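Read through the structure below, which is laid out as structure tokens, and then see the notes.
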Amino acid sequence: MTLQIGILYSRIRKDEKLLLTELRERGHEVTKIDVRKQTFDISEAAAEFADLDIVVDRCLATSRSLYATQFFDAYGIPVVNSHETADVCADKVKNSLALEKAGVPTPKTKVAFTKETAMEAIEEFGYPCVLKPVVGSWGRLMAKIDSPDAAEAILEHKATLGHYEHKVFYVQEFVEKPGRDIRVLAVDGEPVAAMVRSSDHWITNAAKGAETDVFELDDEAKKLVQKSSDAVGGGLLGVDLMETADVSGSHSEGSQTESGQRYTVHEVNHTVEFKALNDAVETDVAGTVVDWLEAKATAANASEAELEVTF
Ligand SMILES: Nc1ncnc2c1ncn2[C@@H]1O[C@H](COP(=O)(O)OP(=O)(O)O)[C@@H](O)[C@H]1O
Ligand SMILES: [Mg+2]
């Protein structure tokens, strides 16, 4: 069945190229929607959206994702990821709250709104601990705080120079991970592929130059991926986990280890990049993602047809 698929984007990266190639090879019709050139009317959808079965949000800028997805909701066109998912994933505070609420092991985190209370939170965690921007990715503007002097300096900088979002202080325990973390690409909680990202630096994002290698998920990790995906509303997601046990199998200190957990989930990403993963694993990542998209679009069409019959 040929589908009409909209791709919402601002830049076609390797990730989007992989998707576009796969979609076209399968004979689907792709409408590219450049958010920089498009306007969105509150009362009616643009003519070129009329026959779309599904829209895939690949916007780079979070603000664009958050608004554009609301328009497709309003037009009654299915969009992945959904606005609700994007909203939770785009914000580290909402993300952490959702994971905690769902009972997913996640690093201990506190939020404060002034330098003074942020300092209190930092002192409670002790050194080192981590300060993150609430909105952001690729490991940017994250700080590992090793001393009270460093804490004071960075809080002062953020309070004085920071954008509005940097006035929300997101403080987290430092997790003694074994020099790497795990990225899992999942579709509605079902893992597509996973990799470890290793680095001498404490920030192990692929965008920061970490080395990547394929990773086989065990049952515990699979369960956590499903739970994390459900916690944020599902979709095409990048689930980031850290291992809380060291290589010899003994546990590092931390809340998760007390309950025998071997992983902690530090975030779920919504407009996830997968080019690094695609290079690291044997799996046909774009192919699996498109399988899922086809199923989503077909299910959406079926439920629409059912509605038409009912009314
Ligand atoms: N609490 C932590 N303790 C130790 N390392 C961390 C912690 N939080 C993040 N990191 C490291 O920093 C990287 C980026 O953090 P993350 O919260 O995923 O932010 P981003 O959204 O920028 O990717 C992680 O992949 C991990 O390697
Ligand atoms: Mg991350």
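The values are calculated or read from the model by the stated rules, or taken from the named source; none is laboratory data. As the structure is a computational prediction, the values presented were derived from the model and not from experiment. Positions of Cβ are generated from backbone atoms using ideal geometry, with glycine treated the same way; all protein chains shown enter the neighbour counts. Surface areas here come from the heavy atoms of the whole protein model, side chains and all, with no ligands, DNA or RNA. Shrake-Rupley method; radii C 1.70, N 1.55, O 1.52, S 1.80 Å.
Has the range 9-21 got at least one residue that is over 17 Å from residue 286 (Cα atoms) and surrounded by fewer than 19 Cβ atoms within 10 Å (Cβ to Cβ)? Looking through the range 9-21, at least one residue is over 17 Å from residue 286 (Cα atoms) and surrounded by fewer than 19 Cβ atoms within 10 Å (Cβ to Cβ). For first residues located in the range 71-84 and on the phi > 0 side of the Ramachandran plot, partners that are in a helix (DSSP H, G or I) and surrounded by fewer than 20 Cβ atoms within 10 Å (Cβ to Cβ) and lie 6+ apart or on another chain with Cβ distances below 9 Å form the pairs 76/304. Residues that are farther than 11 Å from residue 59 by Cα and open to solvent by 50 Å² or more (accessible area, probe 1.4 Å) were ranked within the range 22-39; the one that is nearest to the chain's Cα centre (by Cα) is 32. Restricting the range 199-216 to residues that are of a type outside the set (D, E, K, R) and in a helix (DSSP H, G or I) leaves a set whose member that is least open to solvent (accessible area, probe 1.4 Å) is 206.
Being surrounded by 14 or more Cβ atoms within 10 Å (Cβ to Cβ) and out of contact with any helix residue (DSSP H, G or I) (no Cβ under 6 Å at 6 or more places or on another chain): is that true of residue 54 here?
Details: surrounded by 14 or more Cβ atoms within 10 Å (Cβ to Cβ): yes; out of contact with any helix residue (DSSP H, G or I) (no Cβ under 6 Å at 6 or more places or on another chain): no.
Spelling it out, it is not the case that residue 54 is surrounded by 14 or more Cβ atoms within 10 Å (Cβ to Cβ) and out of contact with any helix residue (DSSP H, G or I) (no Cβ under 6 Å at 6 or more places or on another chain).
Looking at the range 50-152, the helices (runs of 4 or more DSSP H) lying wholly inside it that each contain 1 or more residues that are closer than 24 Å to residue 14 by Cβ sit at 62-75, 83-89.
Number of residues in the range 109-127 that are near ligand 1 (Cβ under 9 Å from one of its atoms) and more than 21 Å from residue 85 (Cβ to Cβ): the value is 0.
Quick check on my filter: what residues within the range 18-49 are of a type outside the set (D, E, K, R) and outside any loop (DSSP other than H, G, I, E, B)? Working first, answer last.
Residues of the range 18-49 that are of a type outside the set (D, E, K, R), as a first pass: 18-21, 23, 27-28, 30-31, 33, 35, 38-40, 42-43, 45-47, 49.
Selection gives 18, 19, 20, 21, 23, 30, 31, 33, 47, 49.
Would you pick out the residues in the range 269-288 that are polar (S, T, N, Q) and away from ligand 1 (no atom under 16 Å from the Cβ)? Matches in the range 269-288: 278, 283, 288.
Restricting the range 128-139 to residues that are more than 10 Å from residue 92 (Cβ to Cβ) and at pLDDT 90 or above, which is farthest from ligand 1 (Cβ to nearest atom)? Of everything passing the filter in the range 128-139, 131 is farthest from ligand 1 (Cβ to nearest atom). Of all the criteria given as (1) within 12 Å of ligand 1 (Cβ to nearest atom); (2) out of contact with any Cys (no Cβ under 7 Å at 6 or more places or on another chain); (3) in a strand (DSSP E or B), the one not satisfied by residue 177 is (3). When residue 134 is tested against (1) closer than 19 Å to residue 181 by Cβ; (2) surrounded by 18 or more Cβ atoms within 10 Å (Cβ to Cβ); (3) touching a strand residue (DSSP E or B) at 6+ places or on another chain (Cβ under 6 Å), only condition (1) is not met.
Residues considered: 219, 246. Of these, the only one that is open to solvent by 40 Å² or more (accessible area, probe 1.4 Å), acidic (Asp, Glu) and modelled with pLDDT under 95 is 246. Pairs meeting the criteria (first residue in the range 176-187 and within 15 Å of residue 239 (Cβ to Cβ) and of a type in the set (Gly, Ala, Ser), second residue within 13 Å of ligand 2 (Cβ to nearest atom) and assigned to a strand (DSSP E or B), beta carbons under 6 Å, at least 6 apart or on different chains) are 186/237; 186/239.
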